[in-house]
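Heads up: the structure comes next, in structure tokens.
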Amino acid sequence: MVVAHQRASTPYHPIWGPVQACRTGYSTDTEVRHQGSSGGGISALLIHLLQTGQIDFAAHIAVSNEDPLRNELQLSANREDVIRGAGSRYAPAAPLARLGELIQSGKRYAFVGKPCDVAALRQYLRQRPEHQASFPFLLSFMCAGTPSLKGTHQVIRKLGFQPQEVVKFRYRGDGWPGMAKAETQDGRSAEMDYASSWGTVLNQHLQFRCKICPDGTGEFADVVCADAWYGKDGYPDFAERDGRSLILSRTPKGEALVQAAAKAQAIVMSDLPVDDLAQMQPYQLNRKTMVLGRAIATKLRLGQAPKYAHLGLIKASTQARPIEWLRNAAGTYRRAKGEIA
């Protein structure tokens, strides 16, 4: 399968993809804003859809009921369910594993997944339009890649525990960006700030396929949210403060949802120039400008690589410094040996 956009009327930005509107905002529900990632943007939209009867369930990832370090698909029917599953989960997750079951149920779902999950579901629904009614809304978030579970174990060990001791673990949330926090059966707990947990541990365990993925920004979603980081000099500031979400409407349906949620006072928003995204999300800027070189290097090394079309990769590459582009390609070529994309 080729990962590709259909030609559409929505303006396409070579870095940020289809953009109907670009805003920052946050949930007006203080608990949602505090418990969710960034400003609780996705959670607020899900709760709005449930409370207005536009969906029967929100299908999204939450912590497993069986293992506090693993993820599972959760079907949320109300505000309380959504809040239970709020927050980032920096470990492998397969939200499409129960796709057949969801379709056969005859219910309507707002699906939330990583950009790759949403791209896969969007492609599937184009091939099987009779199932589109099952998924009236596709939501996503900006993704820097999925760490392996080894990253989670390393964070826990740095907190002073062994993974098998932990009965509750949070990657972030309970504030913005929030702390990674582990709790044990006997009541001990420890925390690590986001800059340390993600910045020095988890991002060292990203899967190779994530390094050659061109879509870290959820280009195939109706709405995508992310951290609307404050900062200067092109580097985000991870200081704790009230949460703020970046909210991108990518389709007319997504824009209608965002406007309706704002009108219902579920979210508060402010317009944001698209050009400001580079300062809020510099990793995504770098990733999109470098990914064509990484994909070519993977093809040369492994004889195969994912196929992409209409994602603006050539134009995005022109925004990269040539020496950095070549270094990325060369580094990918070296690392690709023995990898399976």
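Points worth noting:
- Between VAL166 and any residue 5 or more places off or on another chain, the built amide H atoms are never under 5 Å apart.
- Signed unit charges on C-beta, dipole axis of the chain, positive-most listed residue GLY175, TYR283, SER76: TYR283
- Normalised contact order of the chain, rounded percent, pairs of Cα under 8 Å and 6 or more residues apart: 24
- Normalised by the number of residues in the range 285-336, the average gap of Cα pairs under 8 Å and 6 or more apart makes the relative contact order 55 percent.
- Cα shape, the range 138-180, gyration tensor, a/c 1.5 rule: prolate
- Cα centroid separation - the range 278-341 against the range 37-62, whole Å: 33
- For MET179, the residues whose modelled amide H falls within less than 5 Å of its own, excluding neighbours fewer than 5 places apart on the same chain, are GLY173.
- Only the Cβ atoms of Lys and Arg (+1) and of Asp and Glu (-1) were treated as charged; on that basis the dipole of the range 285-336 about its Cα centre amounts to roughly 100 debye.
- Only beta bridges with both residues in the chain are counted; by DSSP, about 70 percent of them are antiparallel.
- Estimated 222 nm signal from helices in the chain, with DSSP H stretches of n ≥ 4 weighted -39500 (n - 2.57), rounded to 500: -9500 deg cm²/dmol
- Listed peptides 95-103, 207-215, 164-172 by packing density, highest first (mean Cβ within 10 Å): 207-215, 164-172, 95-103
- Magnitude of the charge dipole for the range 183-339, about its Cα centre and with charges confined to Cβ atoms of Lys, Arg (+1) and Asp, Glu (-1), is about 1180 debye.
- Dipole-positive endmost among ALA120, TYR194, ALA266 within the chain (Cβ charges, Cα centre): ALA120
- Each residue of the range 204-216 was assigned a 3J(HN,Hα) from its phi angle through the Karplus expression (A = 6.51, B = -1.76, C = 1.60, θ = phi - 60°), giving 8, 10, 5, 5, 4, 4, 5, 6, 10, 7, x, 10, x Hz with x at Gly and Pro.
- Dipole magnitude (debye, nearest 20) for the chain, charges at Cβ of Lys, Arg, Asp, Glu: 1400
- The Cα atoms of the range 285-336 give a gyration tensor whose axes a ≥ b ≥ c have a/c of 1.5 or more with a/b no greater than b/c, which makes the shape oblate.
- Cα-derived Rg to Rh of the range 154-286, Kirkwood definition: 1.02
- Anisotropy class of the range 149-203 from Cα gyration tensor, a/c 1.5 cut: oblate
- Distances between placed amide hydrogens fall under 5 Å for GLY231 paired with ASP237, all partners being 5 or more residues away or on another chain.
- Among [x] 58, 52, 48; [y] 63, 41, 37; [z] 49, 49, 43, the entry derived from the coordinates for Cα extents along the principal axes in Å: [z]
- Note on the range 109-152: Rg/Rh from Cα positions, Kirkwood definition for Rh, rounded to two decimals, is 1.10.
- Phi-derived couplings, Karplus 6.51 cos²θ - 1.76 cosθ + 1.60 at θ = phi - 60°, listed residue by residue for the range 47-56: 4, 4, 4, 5, 6, 9, x, 7, 9, 8 Hz, with x used for Gly and Pro.
- A full extension of the chain between ILE323 and GLN127 corresponds to an added length of 66.5 nm, given 0.36 nm per residue minus the alpha carbon distance.
- Electrostatic bookkeeping for GLY53 treats Lys and Arg as +1 and Asp and Glu as -1; over the other residues with beta carbon under 15 Å from its beta carbon, the sum is +2.
- In this structure, the pairs whose alpha-carbon distance is over 28 Å, taken from LYS232/LYS288; LYS107/LYS181; LYS114/LYS253; LYS168/LYS253, are LYS107/LYS181; LYS168/LYS253.
- Efficiency of FRET between ARG157 and CYS210 - r from beta-carbon atoms, R0 25 angstrom, step 0.05: 0.65
Every read-out reported here was derived from the displayed coordinates using simple, explicitly stated rules and does not represent laboratory data. The shown structure was predicted, so the numbers you read here are calculated from the model rather than taken from an experiment. Every residue, glycine among them, receives a Cβ derived from its backbone with ideal geometry; neighbour counts consider all protein chains shown.
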